[in-house]
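The values are calculated or read from the model by the stated rules, or taken from the named source; none is laboratory data. Keep in mind the model is a prediction, meaning the values are calculated, not measured. Here the Cβ positions follow ideal geometry from the backbone for every residue, glycine too, while neighbour counts run over all protein chains shown. To get the accessible areas, we keep the full protein, side chains included, count just its heavy atoms, and leave off ligands, DNA and RNA. Shrake-Rupley method; radii C 1.70, N 1.55, O 1.52, S 1.80 Å.
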Amino acid sequence: MSDFFQDFKLFESNAEEFHILTPECIYSEIGKENEALVVQALARGEDFPAEVRHGKIFSIGDIESVSSNKKGMFTNIVTRSSFGKTETDFIVITDPDIREDFIRLLHIHMGSEYKFNKKQLTSVTASLKPLFYVLIILGVGAVMTQLSINAQTEPIEEGRILKARVRVLYYLLGLINPVWVMVFTGIALFIALVIVIRRIANPPHIIQIKPAKRRVAYLARFR
């Protein structure tokens with residue numbers, strides 16, 4: 001017997017699944033058909049039933065930040081992995097109020113080293129990030145198109161010293177017609193512009209948990 005699960009709460013994900021939040025872990029995507037079995041086991045202080053289907057298990061001690069657009073359904077969870085790297089996953093909670101309650105309680109479990117905040121972006125601030133990606137796509141597309149044109153007319157000279165990856169890229173661009181490079185760039189630009197327009201028309205309402213200070217965030221990697 002263990003008191004590990006004594007303090008737990010269920011949060012509905014959708015009509016078929018729910019999540020369980022404890023002070024130590026998040027158990028995601030548990031099938032509703034197993035709800036009674038799970039609740040009875042946890043209420044008795046027993047370990048999580050091994051036979052119950054569930055999604056990923058997140059250790060709260062490994063979570064670095066959490067964010068969600070209240071107007072959507074996804075909660076992004078960034079966790080620390082080996083060698084200081086991070087991994088980004090998400091869980092689904094369709095009801096925005098349930099999602100906010102989940103994030104608020106998760107913040108309590110994460111402790112005072114982290115802060116919870118909500119912010120409603122304006123149309124201008126919501127457009128800045130996707131506009132930045134539009135500029136990147138334009139720049140990369142222009143460079144790739146020019147390289148493709150050059151590769152069609154100016155093959156790499158034998159004996160020319162270039163990194164292997166550059167030679168491979170130049171060779172591949174020589175096989176692709178510059179028109180196709182412009183077509184792919186145009187498609188990427190169209191998608192990015194659609195995102196810009198949607199964010200301007202319906203700015204995100206962000207709920208997030210993040211380290212209270214950068215120093216804390218850095219030290220937390222070594223916990």
Which of the residue pairs 70/119; 71/210; 56/118; 32/56 have a Cα-Cα distance greater than 18 Å in the structure shown?
71/210; 56/118
Leaving ligands, DNA and RNA out of it, report the carbon-plus-sulfur percent of the accessible area of the chain at a 1.4 Å probe.
60 percent
Calc'd 3J(HN,Hα), region 50-65, phi into Karplus 6.51 cos²θ - 1.76 cosθ + 1.60 (θ = phi - 60°), Hz, glycine/Pro = x, comes to 5, 7, 7, 6, 7, x, 6, 9, 9, 7, 4, x, 9, 6, 9, 7
Per residue of the chain, what 222 nm ellipticity follows from adding -39500 (n - 2.57) for every DSSP H run with n ≥ 4, rounded to the nearest 500?
-14500 deg cm²/dmol
Given (i) 1.39; (ii) 1.30; (iii) 1.17 as candidate values of Cα Rg over 2.2 N^0.38 Å, which corresponds to the one derived from the coordinates?
(i)
Within the chain, which is the longest segment that contains none of the GluC sites (Glu not before Pro) sitting in a DSSP loop with at most 11 other Cβ atoms within 10 Å?
52-156
Keeping all protein chains in place, calculate the accessible area per residue for the chain (probe 1.4 angstrom), answer in Å².
62 Å²
Would you check the accessible area of residue 101, probe 1.4 Å, heavy atoms only, in square angstrom rounded to 10?
80 Å²
Would you mind checking which residues have amide H under 5 Å from residue 212's amide H? H placed 1.01 Å from N; only 5 or more apart, or other chain.
114, 115
Give the residue list of trypsin sites (Lys or Arg not before Pro) in region 66-137 that are DSSP loop and have at most 16 other beta-carbon atoms within 10 angstrom.
70, 71, 85
So how much slack lies between residue 51 and residue 176, counting 0.36 nm per residue of separation and subtracting their Cα-Cα distance, in nm?
39.8 nm
Heavy atoms of residue 9: accessible area, 1.4 Å probe, square angstrom to 10
100 Å²
Mean separation of Cα contacts under 8 Å (6+ apart) over length of region 1-145, as relative contact order %
18 percent
Between residue 213 and residue 118, what length in nm is gained on full extension when 0.36 nm per residue of separation is reduced by their alpha carbon distance?
32.5 nm
Assigned charges on the beta-carbon of Lys, Arg, Asp, Glu; region 94-137 dipole about Cα centre (debye)
220 debye
Quick check: the angle from helix 164-175's long axis to the longest principal axis of the chain, C-alpha only, nearest 10 degrees?
70 degrees
